[in-house]
Every structure is written in structure tokens, then in C-alpha cells.
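**Q** Next up is a structure, given as C-alpha cells.
The values are calculated or read from the model by the stated rules, or taken from the named source; none is laboratory data. Every value quoted in this text rests on a predicted model; they were computed, and no experiment measured them. We place every Cβ from the backbone using ideal geometry, glycine too, and count neighbours over all the protein chains shown. These accessible areas exclude ligands, DNA and RNA; they are computed on the full protein's heavy atoms, side chains included. Shrake-Rupley method; radii C 1.70, N 1.55, O 1.52, S 1.80 Å.
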Amino acid sequence: MAVFRSTPRPPRIPAAEGRPPLGSFRGYRLTVPPVSGILRPRPVALCALLAAAVFLLFCWGLSIGDYPIAFTDVVRALTGSGDPATVLVVRELRLPRALVGLLAGIAFGVSGGLFQTMTRNPLASPDMIGLTQGAGTAVVAGIVLGWDGGLGTQTLGLLGALVTAVAVYTLAWRRGATGYRIILVGIGVAWICTSATDYLMAKGGRFQAQAALGWLVGNLNGRTWSQTVPLVAALAVLLPTALLLGRLLRTLQLGDDVATGLGTRVQPVRLAVLLTGVGLIAFATAAAGPVAFVALAAPQIAQRLAGTAWPPTVASGLAGALMVLGGDLIARTLISGTELPVGIVTGVLGAPVLLWLLVRANRAGSGG
């Protein structure tokens, strides 16, 4: 039986600017299983609010369409009760699209949080260091050149992101791979992949280019269970791995020398984080396309709402899901009779976040 023991609460000490008060947490220890840690009420409350908002947007997205459905009927249909026609529309026709948006948003947010924590740089995200571009190049090559070999976009996206990650890590290696070098090398590799994708688009035929373009901007239209099931399976493995890496990532925040002194094997941990982040971004990109700016903006939004010194993993994933689901709702309802790709909306909303991060970095003296 688990026993919950709350450690004495330390005196409340005023916080530095942008940081939570040192007394705004509680320690806990369980005897069975032997687990201890720190419970911070503000991030926990934030995760609860974000989860509620994600659920509301998820059900709202299922309720709109050519066959409008009431919100309460959507909830009943998700449990398998209610009118058979409503259950068919919700669970067979609309649910795969909504699940891809939900899970891809979580994957984008968690992946961005991992990379930003590992590199200690808010501008480090999979779409800034070339991973989404590498996945995009592989998928477009399969569509335009017919090199897929029956693998499908899921496998091609995963292979493209993995090859790009290996290239970035290898080129950034010099007696170790620091976050700063990973970012610089990743930006260069991203432009190489973007140029290769543009060349393939120009080389391909009209219909091939249209199919590739529809995927490249990030799109949830026409998603089926064939895109949903691999994403569910991948996240069932990768999300627990990302949570387990969280404590080791916090030591990397202190710098490589201090982390090594605390017993953290810096390079193996960094490589494990890289592989986990690549897996998340590859499967999400293969299912929904490279939805712009979600991996960059979601962790920063979650970090500032939670008041933590690094992007919180769970809150980053929920913020990413909120961005994708909200962007999809705007894309579907902004222009009557037209469903815009979700990547267009997230790009418009995410660009100001990128500008704000650049301005903030300059003011802090780290923006170059």
C-alpha cells in the first residue's frame, strides 16, 4: 500500500524575476513503490486547465461539419451510446482526424520541449534544426520520384528525420555535441533539405506536386485510421520515455560540467533525448505533415504559464495539442465552404511568437 508523506514546507522566499517562489512546491515520498519528488501546484493546475481546454476543443471539432452534432451527443457517441447514425459519423468519419490532430500536437509540443531543454535555447525546435525538413524531403522524394517502395509516408518520414538527426549530430560532434553547435549545424541542414524539397517539387509532375504541397503545409484533411494507428503506437512508447528522461534533462540545464559532476552521462543522455525527440516529430510529421511553429511555440507558452525554468513536458504536449486543435477549428470555419490546411493557421499564429523570442533574446544579450 502506498503511503504519502509530505515533507515540511520550507519558508517562502521571494522569487527572482520570471521564476516561481522557492516555497511554491511540496516534497513527497512514497514507501511503496519507493518514489520521491517535488510537487508544484501551479504546473499541476495548469495541466488540468489545459487538459480541460483540449477536451472541449476535441469534442467541438467532432461536432462541426456538413452534419452538425450537438456537443452532448458527441460525448455520448464517443462512449458508444446514442443514435447509431451519430455514432457512425463521430467514431468512423470524424474521430481519426481529431485524434491525429490531438496526438500530433502532443508529439510536436513534447519534442520541442525536449530539444529546447537539451540545448538550453528557446529557439531550438525540430522545425528550426532541420528534422521536419528532413522528414518532408524524404516524403516528397517518395511521392515525386516513386522511391517509397510501398513504405508509405509514416516510414519515409521516420527515415528522413532519423537520417537528418544523425547528420546533424555527426556534423556537430567535436569531442562531444553541445546544444549551441547542434542548433547552428541544424539550421544549415534545414536549408539544405528545404532546397532539396523545392527542387523535387519543381521536378515532379503537376499532380505529384499538388499532392506533396498539400502534405508539406501541414494538413488534417482526409485523415483515416491508417494514419492514426501508427501514431498511437509510437506515442505509447515515446511519451513515457520522454517523461523518464525529464529528471536527467534538468541536470543538463546546469551545464555539461556540473551535470557530469552530478553523475549524469551527458552524451548518452543527449543522444537518448535526440532519438526520442526525432521519433516524436517523425511520426507526427508523417501523420499530419510539418505543422509550422507548434514545436517552437508550445513549450515556451507552457513554460511561461507554469512559471518554471524549463519547458514542462506534460504542459508542453497539452499546449501543442491545443494549438493544433484550435488551429484546425479556425481553418475549418474561417472561410465558409473552404477547409484551409492547419499549418497555415499555426504559421500565422506562431510567427509573432518567434519574433517575440528573437527580440527577447536580443534584449537579454544572447540574440547575436
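**Q** From the square roots a ≥ b ≥ c of the eigenvalues of the alpha-carbon gyration tensor of the stretch 52-206, which class results: rounded (a/c under 1.5), prolate (a/b over b/c), or oblate?
**A** oblate
**Q** Can you give the accessible area per residue of the stretch 34-185, in Å², using a 1.4 Å probe?
**A** Dividing the accessible area of the stretch 34-185 by its residue count gives 45 Å².
**Q** Right, something else. Could you please put THR155, THR308, THR72 in sequence from largest to smallest accessible area, using a 1.4 Å probe?
**A** The ordering from most to least exposed comes out as THR72, THR155, THR308.
**Q** If Lys and Arg each add +1 and Asp and Glu each add -1, what is the summed charge of the other residues whose beta carbon sits under 14 Å from the beta carbon of PHE115?
**A** It works out to a net charge of +2.
**Q** Please report, as a whole percent, how much of the solvent-accessible surface of the stretch 84-137 comes from carbon and sulfur atoms (probe radius 1.4 Å).
**A** Percent of accessible area from carbon and sulfur atoms in the stretch 84-137: 66.
**Q** Something else: Is there a quick way to get the dipole size of the stretch 133-241? I mean about its Cα centre, with the Cβ of Lys and Arg at +1 and of Asp and Glu at -1; what is the value in debye to the nearest 20?
**A** Magnitude of the dipole: close to 240 debye.
**Q** State the extension gain, in nm to one decimal, for the chain segment bounded by VAL258 and LEU171, taking 0.36 nm per residue of separation less the distance between their alpha-carbons.
**A** Length difference between fully extended and current span is 28.8 nm.
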